[in-house]
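Q: Pasting a structure below so you can have a look.
Read-outs: derived from the displayed coordinates by stated rules, not from any lab. Predicted model, so just to flag it, every value in this text is computed and none were measured. Every residue, glycine among them, receives a Cβ derived from its backbone with ideal geometry; neighbour counts consider all protein chains shown.
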Amino acid sequence: MTKNELKVPLFVPWISKKDKDAVIASLKNPQLTDGEILRRFETELAGFVGSRYAVGVSNGTTALHLALISSGIGSGDEVIIPDMTFVATANAVFLSNAKPICVDIDDSLNISTQSIRKNITRRTKGIIPVHFAGYPCNMDEICKIAKEHDLKIIEDCAHSLGLHYKNKHVGTFGVAGCFSFYPTKNITTIEGGMIVTNSRSIADKVRALRNHGLTRTLIQRNKGTKPWIYDIREPGYNYRLDEVRSSLGLSQLRRFDEINSRRIKAAEYYNQKLNHVKGIEIVNYGDRKNHVYHLYIIKIKREFGMSRDLIHKILFKKGIRTTVHYKPIHQFSYIKKTKNSEYRFQKCILSYKECLTLPLFPTITRKQQDYVIRNLIKLCK
Ligand SMILES: Cc1ncc(COP(=O)(O)O)c(C=O)c1O
């Protein structure tokens, strides 16, 4: 199957004329990075999620890395993460010189709060809940656990821009929330990320660390008479988000409702059509209405009569791209070395066997969805 024969891709980014115009306009300004468009994007995103500060960075992984080290997490510390997540969650913990401790998930595919409790040790310093696929974790319980054990919560919101838990935007429950704007995410800057926080000291630290540790930004230096004067209090990184990407992000954020309502509508159509198909289980989300559908995932049960892998293969032959999110973290060889494998991941292992991600993107057509649904149902024995 060549790319051109693909009838329904897994994901197609939606870059509108408005988005393109914003990008072209940003290129006309001589300051191409660390400038006013980034500041505007940060201000509007902070307003959107209801946090005091937002700091743009080069991607979601660097957002997690800086949030962790700026919260004081480092060598000798353990950080609890779900076993079902993209590997960036674990990598960011390693980058911070701490150790990720993977724990099992619950029926909604989110981190299991029981499993968090079981894996707390005297070294545990933080928890990274991932609002998986766009559905919120049980933040009441996670906040309670964090309070009882004095743990820092850093929310991985890579899948969940626009998502609320009990009327509060995700990312605002702990010390920091981290967003990714990778092309498949709910809005994109192509590569990019953002840290939101209510802590001034974390925001200041992240701002310096994303920019080599400099105590003054380019805007501040250009305003003064001696732009070469700044201090470095600790070595930093180049994790900046440039003006061109920020202009795309800002434009996408301003049309968030337009983009996301299409995702949700398409997901609800799948729900409606697949709800009663033998052997297909819609993930048990508890409250399906509170979901921003970064991913649309179904479970293929034994009664379907065909394995998930074979379904994937046959659909691909029909020009339909599906995939699996994700291979469990504890199964990667580098994580096995950290002795995570001694824990049990029953639900995660089962989900990995059964889950199938269907094509979902804002511009997917009814015709494309019907084609997916028809071909999938045909395979049921
Ligand atoms: C759950 C999760 N966390 C973190 C990341 C990392 O984001 P990025 O690719 O922008 O570094 C991703 C990206 O796919 C993700 O899915």
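Q: If you bin every alpha carbon distance in the range 257-378 into 10 Å steps from zero, what whole percent lands in each bin?
A: Taking every Cα pair in the range 257-378, the percentages come to 12, 40, 32, 14, 3.
Q: Now for a separate question. Could you give the angle, 0 to 90 degrees to the nearest 10, between helix 60-70's Cα long axis and the longest principal axis of the Cα atoms of the chain?
A: Orientation of helix 60-70: about 50 degrees from the principal axis.
Q: Can you give the angle from 0 to 90° between the axis of helix 200-209 and the longest principal axis of the chain, with both taken from C-alpha atoms, to the nearest 10?
A: 90
Q: While we're on this one: Could you give each residue of the range 35-46 its phi-based ³J(HN,Hα) in whole Hz, using Karplus coefficients 6.51, -1.76, 1.60 with θ = phi - 60°, and x for Gly or Pro?
A: x, 5, 5, 4, 4, 5, 4, 5, 5, 5, 5, 4
Q: If you plug each phi of the range 259-273 into the Karplus form 6.51 cos²θ - 1.76 cosθ + 1.60 with θ = phi - 60°, what whole-Hz ³J(HN,Hα) values come out, in order, with x for Gly and Pro?
A: Along the range 259-273, the couplings run 5, 6, 5, 5, 4, 5, 4, 5, 5, 5, 5, 4, 3, 4, 7 Hz.
Q: Using modelled backbone amide H atoms (1.01 Å from N, in-plane), which distant-in-sequence or interchain residues come within less than 5 Å of Thr33's amide H?
A: Answer set, sorted by chain and number: Glu243.
Q: With label points built 7 Å along Cα→Cβ from the Cα atoms of Glu234 and Asn97, find their separation and express it in nm.
A: 0.9
Q: Between Thr124 and residues 5 or more places away or on another chain, which pairs have amide H atoms under 5 Å apart, with H built 1.01 Å from N, and which residues are they?
A: For Thr124, whose amide H was placed from the backbone, the distant partners under 5 Å are Glu78.
Q: Can you find, among Ile259, His276, Tyr239, the residue sitting farthest towards the positive end of the charge dipole of the range 236-277, where Lys and Arg contribute +1 and Asp and Glu -1 at Cβ?
A: The residue sitting farthest along the positive end of the dipole is His276.
Q: If the range 17-255 were replaced by its equivalent ellipsoid, with semi-axes equal to the square roots of 5 times the Cα gyration tensor eigenvalues, what would those be, largest first, whole Å?
A: Result for the range 17-255: semi-axes of 31, 21, 14 Å.
Q: So how do 28-36, 239-247, 213-221 stack up, highest first, on mean other-Cβ count within 10 Å?
A: 239-247, 213-221, 28-36
Q: Quick one: Cα centre-to-centre distance for the range 120-168 and the range 52-116, in angstrom?
A: 10
Q: Note down the relative contact order for the range 204-341 as a percent, whole number, built from C-alpha pairs under 8 angstrom at least six residues apart.
A: 14
Q: Here is a further query. Express in nm, to one decimal, how much length is gained between Arg123 and Asp107 on full extension, taking 0.36 nm for each residue of separation and deducting their alpha carbon distance.
A: Answer, rounded to one decimal: 3.0 nm.
Q: Given the DSSP H assignment, sum -39500 (n - 2.57) over each helix run of at least 4 residues in the chain and divide by its residue total; what's the result at 222 nm in deg cm²/dmol, nearest 500?
A: Counting only the DSSP helices, I get -11000 deg cm²/dmol.
Q: Additional query: Compute the acute angle (0 to 90°) between the alpha-carbon long axis of helix 139-149 and the principal axis of greatest extent of the alpha-carbon atoms of the chain; round to the nearest 10°.
A: 60
Q: Sorted by average packing, counted as other Cβ atoms within 10 angstrom per residue and highest first, what order do 348-354, 99-105 take?
A: So the peptides 348-354, 99-105, ranked by packing, come out 99-105, 348-354.
Q: Cβ neighbours within 10 Å, averaged per peptide: list 88-97, 60-69 in order, most packed at the top.
A: By packing density, highest mean first, the sequence is 60-69, 88-97.
Q: Place a +1 charge on the Cβ of each Lys and Arg in the chain and a -1 charge on the Cβ of each Asp and Glu, then give the dipole magnitude about the Cα centre in debye, rounded to the nearest 20.
A: Computed charge dipole of the chain: roughly 840 debye.
Q: Only four residue types carry charge here, +1 at the Cβ of Lys and Arg and -1 at the Cβ of Asp and Glu. Report the dipole size of the range 1-140 about the Cα centre in Debye, rounded to the nearest 20.
A: 220
Q: Length gain on complete extension for the stretch Asp21 to Lys353, per 0.36 nm per residue less the alpha carbon to alpha carbon distance?
A: 115.1 nm
Q: Convex hull volume of the Cα atoms in the range 213-315, per residue, in Å³?
A: In the range 213-315, the Cα hull volume divided by residue count equals 215 Å³.
Q: Next up: Determine the relative contact order of the chain: mean sequence separation of Cα pairs under 8 Å and six or more apart, normalised by residue count, in whole percent.
A: Computed value for the chain: 23 percent relative contact order.
Q: Okay, moving on. Given charges of +1 on the Cβ of Lys and Arg and -1 on the Cβ of Asp and Glu, with all other atoms neutral, how large is the dipole of the range 257-378 about its Cα centre, in debye to the nearest 20?
A: Magnitude of the dipole: close to 400 debye.
Q: Shifting gears a bit: If you plug each phi of the range 231-247 into the Karplus form 6.51 cos²θ - 1.76 cosθ + 1.60 with θ = phi - 60°, what whole-Hz ³J(HN,Hα) values come out, in order, with x for Gly and Pro?
A: Coupling constants for the range 231-247: 10, 10, 8, 8, x, x, 10, 9, 10, 6, 10, 7, 5, 5, 5, 4, 5 Hz.
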